[in-house]
Amino acid sequence: MVFPDYFADAESSFNDAEFVIFGVPYDKTSSFRHGADQAPKEIRQASWNFETYNLKTGVDLRDIKFHDYGDLDVRNDDPEIMVKKIRDFTSSLLKKNKFPIAIGGEHSITPGIIQSFPKDIAVLSLDAHIDFRQQYENEPYNHACVIRRIADHINIENIAVLGIRSVEKEEFEDAKKKKLFCIDSFFIKENGIQKAIHDTKKHLKNKKIYLTLDIDVLDPAYAPGTSTPETFGLTPSDVIECIDGFSSQLIGFDVVEVCPPFDKGETALLAARFVRYILDRTWTSHRA
Ligand code: MN
Ligand code: MN
């Protein structure tokens, strides 16, 4: 069965919308498995599975004004050009006071979005990887260098990475030396996600936060369809609790690294569910 090609319930016009969803079908730097460029389409299709009413929060998505812009034309661009195009696009959204929600694509799309925000924001990354390499395979905009590129734009003290469990030794030592705040998935397992949220909140204070969700932060048992899976990951409820914990500070969101060729649909479903939950929680807390 094929559903409409836009994100379910995104019935607002661009001008009326408070939130704008856009797809970024990009997969040129993936280091292991390929296919993340197919994710925007699959996540949109998966979004039609869900009811508009959220039993947990009492919010009905039909009350929220959101628009699906479609995909950005970056598929064949070199990474640096892709990043610039995304930056220009999100800058235009921010000028119109839209809340950007990007559906990747691989993680290399995120620095372009961050570059369109003021330098005093904070970034929270949920990821199995620390993504702190200066470059990878001679490419500074590789998906393994995302946090490093973000730290070129904002103060590294205002970045937090939760859920890591796979690093290169030198990369990790470099991150520690530069005082990158990160919490690994083993700490979260031992102390609970609420403790991690508490510590992160203390670190980022009351700054505005851009949230980037690399779907591989989840255990592959929940999200097998990703380009670089790592065991010992977070649960979907952990991610939901993070969204709850930071929703009042959020100014933008992306979900990246879903890789449909390795998915039976469950990873795309989770990604779609998280987008819907972000809309719900952010809309609610921005109204409060
Ligand atoms: Mn990543
Ligand atoms: Mn990752």
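The values are calculated or read from the model by the stated rules, or taken from the named source; none is laboratory data. These figures come from a predicted structure and were not determined experimentally. With ideal geometry, Cβ positions are generated from the backbone for all residues, glycine too; neighbour counts draw on all protein chains shown. We work out accessible area using only protein heavy atoms, side chains counted, and drop any ligands, DNA or RNA first. Shrake-Rupley method; radii C 1.70, N 1.55, O 1.52, S 1.80 Å.
Could you tell me, in Å, what Rg and Dmax come out for the Cα atoms of region 104-204?
Gyration radius and largest Cα-Cα distance of region 104-204: 13.1, 38 Å.
Local charge sum around D219 (other residues, Cβ-Cβ under 11 Å, Lys/Arg +1, Asp/Glu -1)?
Computed value for this residue: -1.
Full extension from K208 to D73: what is 0.36 nm times the residue separation minus their Cα-Cα distance, to one decimal in nm?
45.7 nm
Suppose all protein chains stay in the model; what accessible area per residue would a 1.4 Å probe give for the chain, in Å²?
Solvent-accessible surface per residue comes out at 43 Å².
Can you give the Kirkwood hydrodynamic radius for the chain, in Å, rounded to one decimal and based on Cα pairs? Please report the intermediate quantities before stating the final value.
Working: mean 1/r = 0.0540 Å⁻¹.
Across the chain, the inverse of the average 1/r is 18.5 Å.
Can you tell me the length gained on complete extension of the stretch K41 to E190, counting 0.36 nm per residue apart and subtracting the Cα distance?
The K41-E190 span can extend by a further 50.0 nm.
Taking a threshold of 19 Å on the Cα-Cα distance, which of the pairs K56/K205; K95/K208; K119/K207; K28/K119; K119/K205 fall above it?
From K56/K205; K95/K208; K119/K207; K28/K119; K119/K205, over 19 Å: K56/K205; K28/K119.
First measure r as the distance between the Cβ atoms of T231 and I81, then evaluate 1/(1 + (r/R0)^6) with R0 = 35 Å and state the FRET efficiency to the nearest 0.05. The partial results should precede the final answer.
Details: r = 35 Å, r/R0 = 1.01.
Result of the calculation: an efficiency of 0.50.
In whole percent, how big is the carbon plus sulfur part of the accessible area of region 220-288, probe 1.4 Å, protein atoms only?
Within region 220-288, the accessible surface is 56 percent carbon and sulfur.
How much length is gained if the chain between K169 and E51 is pulled fully straight, taking 0.36 nm per residue apart and subtracting their Cα-Cα distance, in nm to one decimal?
38.0 nm
Give the residue list of trypsin sites (Lys or Arg not before Pro) in region 75-138 that are DSSP loop and have at most 15 other beta-carbon atoms within 10 angstrom.
On the way: sites: R75, K84, K85, R87, K95, K96, K98, K119, R133; in loops: R75, K96, K98, K119, R133.
Filter output for region 75-138: R75, K96, K119.
How large is the Rg to Rh ratio of region 1-159 when both quantities use alpha carbon positions and Rh follows Kirkwood?
With Rg and the Kirkwood Rh in hand, the quotient comes to 0.98.
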